[in-house]
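So the structure is just underneath, and the comments pick up after that.
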Amino acid sequence: MDLFKKKTLNKKERNAAQVVVQDVVAVKKGERVLIIANPATNPVAQSFYLAADEVGAVPTLIFQNDKTSFDNANKEVIAALKTEPEVCFSISNVKLGKDEQAQANPYKTEDGQTFTHIFDYLLDGKKTMRGVWTPGITEDMLNRTANIDYAELQHRCVELKKLFQGAVSVHVTAPAGTDVEIDVQGRELLFDDGDFTKPGTGGNIPAGEVFISPVVGKTKGVIVYDGSMTFSDGDALLESPITCKLENGFVSEITGGASAKRLLKTITEAEAKPALMEKENKMQKDQAPVYKRNARNIGELGIGLNPAAQITGNMLEDEKAFHTCHFAIGENYDNDAPALIHLDGVVRDPTIVINYADKESVKILENGDLLIK
C-alpha cells in the first residue's frame, strides 16, 4: 500500500500505525509531530512517520542511542521537545531518557506542580501536547495489539473507574503467593484507554490498562511476581518468582533466584545515585533522601485490559494482558513519590477486591477473570 497516498482508508485497509495516528491520537493536518526513536525501533518509528505524513501533519523523526532508567536523553532530544510539538511519539527501545536540566531545576505550573521532564510538563502540566510512549515496542507487537476494539476497552475503563470511586483499600491475592492490602483512599483510578485525542492526554501503545497510585507508606503484605519484571536495562520473563515483603509501604526484603538479585541491584543503584546527583548539582538540594526512600515504594497497582496482549517478557505488552495485574516499585503517578525508577512486575491470575468505608466490598477479578461486563 502507498502510505503517502492522500485518501480516507476504511478500517480493513489501514495498518496498525494508521489506526493509532488517525483514531487513537487523531493527528490533524498541519500539526507538528515529533517522533523520538532508537535504531532498534526504527521500523515502528518510520511507520508512525509515514502515517502522520499521510494525514497532512508535519512529522520530524529524531534518533538517539538506547537509554536505561538512569541515562539522560540526548540534549538534542530535549531541545526538540522544547519546541512544544502538538504530538510526540516516544518510540524507545528501553526508556526516553531523563531530562538532566529539569532534574536539577524542575518545571513548575501556576498551581504548584513540579515536573522533572519536559515531556511530562507539556503533557500533564501545560496540557498542550498529546503523547504516546512505547518502551520496547516491536513491529509484531504493534500489529497484534494496536488494532483492537477501543470502544470496548474504553467502556471497561469507565466501569472500573466507577467501582474505584470511594474506595478505601484494595486487597490482591494470587496463586503464587501474593497477598497485599493497598490503601487507595483519596486516590483516583487512571487509565490507558486508547483515547489520546485531546491536549494533555496520552499513554502507551499498546493501550489497555487501568492503574492507581497507592497511598505512600501504607501498602502492606507480600507481592510475588511470577510473570515478568522490568529492570534498569530492560524487561525479562521470570524463570522463578520474585518475592517482595513490604513494611510501611516499602519493599523491605527481596528473595528468589537470579531475577531477584537483578531486581535488588537495580533498586540499590536507584538508592545510591541520588546522593551523587545532588552532590553534582544535578538534583534539587535535600531531595536525595526522598529519592532514595522511594526507590522501594510501591508506586502502582495496574490491571491489564487488552485482549490481544500476551505475556512475552516485554513489559509494554505484558502489563496490558488479560488475567494479570502489575505492581510497580518506585515512582508513582500522583507526583508525591519521586524516584529514579518505575519498575513494573506482573502477577498472574490475581483475585482483586475493592473495599469501601461502609465495610462493603466488590470483587472485580477472580483468578484473573474480569467480573465486569
Quick calc, E366 & K75: beta-carbon distance into FRET formula, R0 35 Å, rounding 0.05, result 0.10
Net lengthening on full extension, K285/A272 (0.36 nm per residue, minus Cα-Cα) = 3.1 nm
Where trypsin sites (Lys or Arg not before Pro) fall in DSSP loop in region 39-122, at most 15 other Cβ within 10 Å = K82
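With every protein chain left in place, what is the accessible area per residue of region 150-209 in square angstrom, probe 1.4 Å?
The answer is 39 Å² per residue.
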Sketch the reach of a paramagnetic label on D111 as a point 7 Å from Cα along Cα-to-Cβ, and name the residues of region 175-207 whose backbone nitrogen lies under 14 Å away.
-> 188, 200-201
In the chain the accessible area split gives carbon plus sulfur, as whole percent at 1.4 Å, a share of 48 percent
Intensity falloff of region 153-236 expressed as log10 I(q)/I(0), Debye formula with alpha-carbon point scatterers, at q = 0.12, 0.24 Å⁻¹ = -0.48, -1.22
Dipole of the chain, Cα-centred, from +1 at each Lys and Arg C-beta and -1 at each Asp and Glu C-beta, to the nearest 20 debye?
-> 600 debye
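Longest span of the chain, sites excluded, free of GluC sites (Glu not before Pro) in DSSP loop with at most 16 other C-beta atoms within 10 Å?
Formally, the longest exposed-site-free interval is 14-109.
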Spin-label pair E152/T201, simplified geometry with 7 Å Cα→Cβ offset, distance in nm | 2.0 nm
Long-range tail of P(r) for region 15-103 (Cα pairs > 20 Å, %) = 33 percent
Determine the per residue accessible area of region 12-76 with all protein chains present and a 1.4 angstrom probe, expressed in square angstrom.
-> 42 Å²
Per residue of the chain, what 222 nm ellipticity follows from adding -39500 (n - 2.57) for every DSSP H run with n ≥ 4, rounded to the nearest 500?
-> -6500 deg cm²/dmol
With a ≥ b ≥ c from the Cα gyration tensor eigenvalues, square-rooted, and the rule rounded for a/c under 1.5, otherwise prolate when a/b > b/c and oblate otherwise, region 198-262 is oblate
Here the convex hull volume per residue of region 50-91, taken over Cα atoms and given in Å³, is 84 Å³
Out of these labelled values of volume of the Cα convex hull per residue in Å³, (1) 129; (2) 169; (3) 259, which was calculated from the coordinates shown here?
-> (1)
Which lysines does K363 reach when only Cα atoms under 27 Å apart count, and residues fewer than 8 places away in its own chain are ignored?
-> K161, K162, K218, K220, K245, K320, K373
Stretch gain in nm, segment E13-Q185, where the contour uses 0.36 nm per residue and the Cα spacing is subtracted | 57.3 nm
Can you pull the three principal axis extents for the Cα set of region 224-352, in Å, largest first?
-> 46, 30, 27
Averaged per residue, the 1.4 Å probe accessible area of region 301-373, protein heavy atoms only, in Å², is roughly 36 Å²
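The values are calculated or read from the model by the stated rules, or taken from the named source; none is laboratory data. In this text, all values refer to a predicted model and were calculated from it rather than measured experimentally. Here Cβ is always computed from backbone atoms with ideal geometry, including for glycine, and neighbour counts include all displayed protein chains. What goes into the accessible areas is simple: the full protein's heavy atoms, side chains included, and nothing from ligands, DNA or RNA. Shrake-Rupley method; radii C 1.70, N 1.55, O 1.52, S 1.80 Å.
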